[in-house]
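Accompanying notes for the structure given below.
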Protein chains: 2
Amino acid sequence: MPKTNDIRINGKRLWQRLMRLAEIGATGNSGVNRQALTDGEHAAWRLLIQWGEEAGLRASTDDAANLFLTLKGANPDLPPLMAGSHLDTQPTGGKFDGAYGVIAALEAATTLAENAITPERNIIAVAWMNEEGSRFAPGMMGSAVFSGDRSIEAVRRVRDSDGISTGAEIDRLHDAFEGVKKQPIGFHVFAYIEPHIEQDVVLEREQKTIGIVTGIQGKKTFEITVSGTKGHAGTVAMAQRRDAVFAFARMAHMLEEQIGHYDADVKLTIGRVEVHPNAPSVIPDKVVFRVDLRHPDNQALEECSASLKTLCIHHASPCEASVCELVSASANTFDAELQRKIRAAAQQRKLPAMEMLSFAGHDARYLAGHCPSAMIFIPCKDGISHDESEWAEPDDVVAGAQVLLDVLNTM
Amino acid sequence: MPKTNDIRINGKRLWQRLMRLAEIGATGNSGVNRQALTDGEHAAWRLLIQWGEEAGLRASTDDAANLFLTLKGANPDLPPLMAGSHLDTQPTGGKFDGAYGVIAALEAATTLAENAITPERNIIAVAWMNEEGSRFAPGMMGSAVFSGDRSIEAVRRVRDSDGISTGAEIDRLHDAFEGVKKQPIGFHVFAYIEPHIEQDVVLEREQKTIGIVTGIQGKKTFEITVSGTKGHAGTVAMAQRRDAVFAFARMAHMLEEQIGHYDADVKLTIGRVEVHPNAPSVIPDKVVFRVDLRHPDNQALEECSASLKTLCIHHASPCEASVCELVSASANTFDAELQRKIRAAAQQRKLPAMEMLSFAGHDARYLAGHCPSAMIFIPCKDGISHDESEWAEPDDVVAGAQVLLDVLNTM
């Protein structure tokens, strides 16, 4: 593969494709609701496969419903280079989170094909299944199965709030794309690079265009079930009650006080709360809630996790609480050689760059255990993501994809 | 009307009808889910109308979808006697709450008809629309419209969680029963008596069969909206957040501490909580919750209500909170003469009776502002109601209906 640096991506096409993709699941309020394995994701697959085919990329999938678009290399038996992210969004998500990485990887591969450059290895643009976890929790299913961190059987059993299983929805997707060839789960990969919006204000504040991601902070998620006793809101004396909502309120208040202020780096979120039976004049007998706990330091994460369990059990009284750890992902460090290549590419293009930690989780966390991996961040407006107002500037979008292409072009 | 005391209700039929009615909306777990204006309530109407017709009772309704089954009296132009309750249940309700009062009233009228007794006035067995308020909140819609405390227009605008309006569901019910004559809203009533399970343990503890209800404690309900800022659970620093769930937790915790312990008589419940967007890794930007506040003393109720508003606004920071008072029903006192008649009837039948306050709200609260009103309580097992395990003993069920018949028979 020629070590030339004058190949430029088509920035206009890249931007137009991002905007076109955002029409699938558009909320009507600038945002996107395209949750995992929905009809919206089917439509996104069709579009991506079509764009890939136009550039000679061949679509394939695996049992975890990951989508691979492969540009054939001179030596297709070598482990491929891979880049991408995911196509699913939060219920009120934006146009860039996930979509950007997939479209940037497609653009890089398309640009190589257009320039009649045959890379040494296959280059794969990938879309991992269910990164967000808003429909089927927890997320990063496709990458975690690919890397061997979760079993496909366990993932298939997870159900959404309507009781529909991930397995049934994977099968429905594969039925809709029956011509798409199956690859084995977790095939050998030479290196993985994931472009993504930063989802924080650091690049914006420091006026940098490219973030060279050094690693991802650790994350644990918990599901806590509070069990009390149902009763009539007008008759049962306060002293006799086992009210699951008041127990939840005490627990959440104590978690915020004790863990939310652990240090400046901790992140604690109760994003999902379900109250049963959730009727105005019935004392609630059950609350199920999710805690998302993150810290860049693994020891701090373990300490916070231990006190979370203690606090929940202690403050549940007179109700009872059970704490189930759903996800435990340690902080990780990305491949030094890939970081170096990203830094060099940014320098060459005269793009201001900086090293930084990722505070959000990404599929690259799982890939990092499977092959040398890295991430390229670009700024997003006011650090806002997982929101309809999510925004990245076209120049930054183009810059990140160009750096990706340049890095792939040196490998 | 003859002042005879030897007319006995048919206890076996009364019990069988209660059990038959409980099949409509049966949860499969001994409970009933027959919420207001659902197909289940349509089926309950059909059954009640059929049973009424078999005894010569004529069905009618009004714009608020109340159901009236009228036994014609000697002088039908006189204001009628009325007895009954409601047919709707909580989502996981029982066989007796509401249903008992309607079936007892039907049984009393049926017994008179069977004994060829023509009462002086019309006797109406009534089923009020949407007492529970679990589908369309707040409840007691039918009785409040009938008594003039709420407008039919306001009630019709209320929507359930699927966005379906009460008005559309009233029209759907009336379309399904187009042969049923319409009465004017709030016609003149001579007296109203509501038999009901106690929903508390007082009768059981004191080993009494009949509760002569002196009044109903006051009740206020509030809807509180907490507004914060959405964000990514992994990136936004804790100090920068406006997390609506943590604000809710502080508010709920302070409400429990400050108002829940006001005195031994106060009742405070947060039965319904909705979190937005309710996704595990999104900092929630909105929580909407309902507070149910009750007290037998009107001044205490006002004091608690005032501090509730202050506490919510104060502890919402850094989020914002708005407090909307949905229902304000003062404590009321039932008609002394009707209470006397109930006591006399119980004595005559050698049924142990006691005076007591109702801690639960009932349609009789609204009727009390419209005509002389009273309530007859019977014990329920362990005081449990609004629950699938709700239970009343057949002997008590029969006793309460007999007292109702005896009282009607003296008027």
Q.
If I ask for residues that are within 29 Å of residue B:300 (Cα to Cα), surrounded by fewer than 24 Cβ atoms within 10 Å (Cβ to Cβ) and either hydrophobic (A, V, I, L, M, F, W, C) or more than 14 Å from chain A (Cβ to nearest Cβ) (or both), which ones from region B:186-211 would you list?
A. B:201, B:202, B:203, B:206
**Q.** Pairs with Cβ under 6 Å, 6+ apart, first in region A:152-175 and of a type in the set (Gly, Ala, Ser), second modelled with pLDDT of 95 or more and assigned to a helix (DSSP H, G or I)
**A.** A:167/A:156
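Among the candidates B:373, B:385, single out the residue that is within 30 Å of residue B:185 (Cβ to Cβ), among the polar types (S, T, N, Q) and within 14 Å of chain A (Cβ to nearest Cβ).
B:385
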Q: For residue B:358, indicate whether it is surrounded by 17 or more Cβ atoms within 10 Å (Cβ to Cβ), modelled with pLDDT of 95 or more and of a type in the set (Ser, Thr, Tyr).
A: no
Q.
I'd like the residue in region A:283-327 that is of a type in the set (Asp, Glu) and under 30 Å from residue B:359 (Cβ atoms) and, out of all such residues, is surrounded by the most Cβ atoms within 10 Å (Cβ to Cβ).
A. A:285
Q.
Return the residues of region B:226-251 that are at the interface with chain A (Cβ under 7 Å from one of its Cβ atoms), out of contact with any strand residue (DSSP E or B) (no Cβ under 6 Å at 6 or more places or on another chain) and more than 24 Å from residue A:358 (Cα to Cα); say none if nothing qualifies.
A. B:246, B:249, B:250
Q. How about region A:134-149: which of its residues are of a type in the set (Gly, Ala, Ser) and surrounded by fewer than 24 Cβ atoms within 10 Å (Cβ to Cβ)?
A. A:137, A:147, A:148
Q) Inside region A:198-245, can you point out the residues that are in contact with a Ser or Thr (Cβ under 6 Å, 6 or more places away or on another chain) and within 25 Å of residue B:234 (Cβ to Cβ)? A) A:199, A:200, A:213, A:215, A:216, A:218, A:220, A:225
Q: Name the single residue, out of those in region A:369-388 being at pLDDT 95 or above and part of a loop (DSSP other than H, G, I, E, B), that is nearest to residue A:32 (Cα to Cα).
A: A:380
Q: Identify the single condition in (1) at the interface with chain B (Cβ under 7 Å from one of its Cβ atoms); (2) surrounded by fewer than 24 Cβ atoms within 10 Å (Cβ to Cβ) that residue A:280 does not satisfy, given that it satisfies every other one.
A: (2)
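Just checking, does region A:404-411 include any residue being over 21 Å from the mean Cα position of the chain (by Cα), polar (S, T, N, Q) and in a loop (DSSP other than H, G, I, E, B)? Give the derivation first.
From region A:404-411, those over 21 Å from the mean Cα position of the chain (by Cα) are A:405-411; that's our starting set.
Next, from what is left, pick out any that are polar (S, T, N, Q): A:409-410.
Next cut, in a loop (DSSP other than H, G, I, E, B) only: A:409-410.
Yes - at least one qualifying residue is present in region A:404-411.
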Q | residue B:50 vs. criteria of a type outside the set (Asp, Glu), surrounded by fewer than 16 Cβ atoms within 10 Å (Cβ to Cβ), without any contact (Cβ under 8 Å) to a residue 60 or more places away in the chain and closer than 23 Å to residue B:131 by Cα | A | yes
(Q) Quick check on residue B:378: is it within 19 Å of residue A:236 (Cβ to Cβ), touching a Ser or Thr at 6+ places or on another chain (Cβ under 7 Å) and among the aliphatic types (A, V, I, L, M)? (A) yes
Q | Qualifying position, being of a type outside the set (D, E, K, R) and within 8 Å of chain A (Cβ to nearest Cβ), among B:261, B:295 | A | B:261
Q) Can you find even one residue in region A:87-106 that is among the hydroxyl-bearing types (Ser, Thr, Tyr) and under 14 Å from residue A:18 (Cβ atoms)? A) yes
Q) Restricting to region B:222-243, what's the tally of residues that are more than 11 Å from residue B:285 (Cβ to Cβ) and either outside the structural domain of residue B:288 (by TED's automatic domain parsing) or not β-branched (Val, Ile, Thr) (or both)? A) 9
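The values are calculated or read from the model by the stated rules, or taken from the named source; none is laboratory data. Bear in mind that the values here come from a model prediction, so they are computed numbers and not experimental data. Glycine also receives a Cβ, built like all others from the backbone with ideal geometry; neighbour counts cover every protein chain displayed.
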